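The values are calculated or read from the model by the stated rules, or taken from the named source; none is laboratory data. Note that this is a predicted model, so its numbers are computed, not measured. Note that each Cβ is placed from the backbone with ideal geometry, even for glycine, and that neighbours are counted across all protein chains shown.
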Amino acid sequence: MHSLNGSCHCGNLSVALQLTQAPAEYAPRRCDCDFCRKHGASYLADPAGTLRIEVKNPSTLSKYRQGSSTADCLVCGTCGVLVAITMECGGQCYGVVNVSVIDGDVGFGESKIVSPRALSAEEKVARWKQLWFARVDFK
């Protein structure tokens with residue numbers, strides 16, 4: 001397992017990831033929707049890995065739903081950084097992390113552009129259940 005950590009700029013939202021492969025084996029996905037493009041976000045997930053999201057001050061956590069309104073974009077209400085996206089489905093939490101918040105020069109593979117807006121809400125959920133972290137601990 002490969003451990004990575006990260007946070008928003010002010011440290012209110014932090015993430016801890018356990019990846020099953022070396023970081024260079026992952027190609028972060030750049031969503032082409034307006035929201036993600038404006039945040040410059042590329043997302044990392046490992047369906048067999050784990051993701052822990054910790055919020056120090058829950059009153060400053062901003063959850064933003066856009067597009068098909070099936071997932072929550074987790075934005076720090078203090079510093080404005082988009083940290084992760086989560087989705088609840090069937091009593092389980094799935095998630096992805098914005099690679100920009102990960103500490104250090106990790107050296108991921110080349111990112112690729114994806115276009116979930118071309119999918120129906122049902123197709124998005126099915127795809128995300130296959131690709132996203134399936135073990136998410138929200139603290």
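So here's what we get for this one:
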quantity	calculated
Conditions (1) surrounded by 13 or more Cβ atoms within 10 Å (Cβ to Cβ); (2) out of contact with any Gly (no Cβ under 9 Å at 6 or more places or on another chain); (3) modelled with pLDDT of 95 or more: number failed by SER3	(1)
Count of segment 104-139 residues which are over 23 Å from ALA22 (Cβ atoms) and assigned to a loop (DSSP other than H, G, I, E, B)	4
Number of the exception - ILE113 against (1) closer than 15 Å to CYS33 by Cβ; (2) in contact with a Pro (Cβ under 9 Å, 6 or more places away or on another chain)	(2)
Subset of segment 94-119 that is modelled with pLDDT of 95 or more and more than 14 Å from ASN5 (Cα to Cα) - its residue that is nearest to the chain's Cα centre (by Cα)	GLY95
Evaluation of GLU54 against (1) under 23 Å from ILE113 (Cα atoms); (2) surrounded by fewer than 17 Cβ atoms within 10 Å (Cβ to Cβ); (3) of a type outside the set (A, V, I, L, M, F, W, C); (4) touching a Lys or Arg at 6+ places or on another chain (Cβ under 7 Å) (one fails), failing number	(1)
